[in-house]
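So the structure is just underneath, and the comments pick up after that.
None of the figures in this text is laboratory data; all of them are computed from the coordinates on show. Here the structure is a predicted model, which is why all the values come from computation and not from measurement. Methodologically, a virtual Cβ is constructed for each residue, glycine included, from the backbone with ideal geometry; neighbour enumeration extends over all protein chains shown.
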Amino acid sequence: MSGILLVTLLVAVAVAATAWSVKSRSRWHGNGLMVLLVAELLWAWLIVAAHGGGFPVPVWLAWGFSQLVVVGVGWVVARWMGDALPGVDGRGWFHLSTVVAAAMMLTLGLGSALLALSAWNAWRNWGAGVNDALIVLTVLGALGVILWLVAVGTMVFFLLQVRRGRHRPAPQEADAVVVLGAGLAADKVSALLACRCDRGAAAWRTLERAASSATAPLIVSGGRGNDEPCTEAEAMHHYIAGRGFPRDVVLEEREATDTTENLHFSLDLLAGQGIEDPFIVVCTSDFHVMRTERIVAMLREERGANGRPFDAVVLGAPTPKPSLPAAYLREYVALMIHRVLGRA
């Protein structure tokens, strides 16, 4: 029992430290390794619990198999990322460790299933004397399996929604196009942010073709991070202009630090241009569409109550291949947090 309590305490401390680090140091390379540590500690919890129940061998074998899975996933993803490891933004190893940690977390479903089955069989064969510890282990193992099934099911749903946002056509009428910022690579847009800019420029071109004269502005929105030499809006404007886009229709919103501020400040910028009750086209990465739609709905309700209504459609830009595994996983977690807390 003391072993279980000790490992439980270590898990709690590791989870708290990881949550704090991810929130306060989102671009620290060690965050992925901290998640991996949490996963290994959870495996340690399963192994200690199995020892207490008298059936450690199956769980030990499952742990060994999980290590092989993680090594295999790491090798495949490293090959997938190719030249992006370590990456022009210096975060390639962080992206890789994030995927490896997620793979380790998923293997916990196997450990939970073996713990539940082993405890259930031991409980059934116990005879007249019911062992309360085995009942607890059966329930905990079953809960672990249920959580694993929920995680896999919601991930599949998330991926389907990502595809829907990526293939959504741009409308032919709107008052503005807003492109949401993302991290820079030095003073230039990253490959991921370039895709957002391209999607925004294409959406604006759709408005231009549909109207006799193009008057809708294209707003590039993003402030300056602590590790960035300029604002994201400036880098985005430079990138778009360098591809022949007319500079006079681009407005820079240079203060936003998150998606809510991207939208809020961009709408204020439009109000300053005399555009009231606007319908806007929001362009972001495909994996970010669902959470952006939730933020749009919350902001629409808030601003509508204050007499500043607006409407919006969110379009998804393709995610560059090297960034795809880690970006999808991180956004999936962020979306789950947003559903629970209302923010992320």
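Based on DSSP, what percent of beta bridges with both residues in the chain are antiparallel, to the nearest 5? Of those bridges, close to 10 percent are antiparallel. Under a 5 Å amide H cut-off, with hydrogens placed 1.01 Å from N, residue 168 pairs with 316 among residues at least 5 apart or on other chains.
In this Cβ point-charge picture (+1 for Lys and Arg, -1 for Asp and Glu), the chain has a dipole of about 900 debye about its Cα centre. Based on Cα contacts under 8 Å between residues 6+ apart, the chain shows a relative contact order of 16 percent. Axis of helix 324-341 versus longest Cα principal axis of the chain: the two differ by about 80°, to the nearest ten degrees.
Note on the chain: Rg/Rh from C-alpha atoms, Kirkwood Rh, equals 1.08.
Database remark: amide H of residue 312 closer than 5 angstrom to the amide H of 280 (H placed geometrically; neighbours at sequence offset of 5 or more, or on other chains; Pro and chain starts carry no H). Across the stretch 1-82, the relative contact order, built from alpha-carbon pairs under 8 Å that are at least six residues apart, equals 29 percent. Computed from Cα atoms, the angle from the helix 191-210 axis to the main principal axis of the chain rounds to 40 degrees.
Relative contact order of the stretch 164-270, taken over Cα pairs closer than 8 Å and 6 or more residues apart, is 30 percent. If I fit a long axis through the Cα atoms of helix 232-241 and take the longest principal axis of the Cα atoms of the chain, what angle between them do I get, 0 to 90°, rounded to 10? With both axes taken from Cα atoms, the answer is about 60 degrees.
Ranking of 65, 55, 245 by neighbouring Cβ atoms within 10 Å, starting from the fewest: 65, 245, 55.
Taking the number of other C-beta atoms within 10 Å as the exposure measure, put 294, 79 in order starting with the fewest.
Details: 294 18, 79 9.
By the 10 Å Cβ count, ascending: 79, 294.
Listed from fewest to most Cβ neighbours within 10 Å, the set 236, 298 follows the order 298, 236. Normalised by 2.2 N^0.38 Å, where N is the number of residues, the alpha-carbon radius of gyration of the stretch 2-166 equals 1.19.
State to the nearest 20 debye the size of the charge dipole of the stretch 176-341 about its Cα centre, where the only charges are +1 on K and R beta carbons and -1 on D and E beta carbons.
Values: 17 positive and 22 negative charges, 108 e Å.
The dipole of the stretch 176-341 has a size of about 520 debye.
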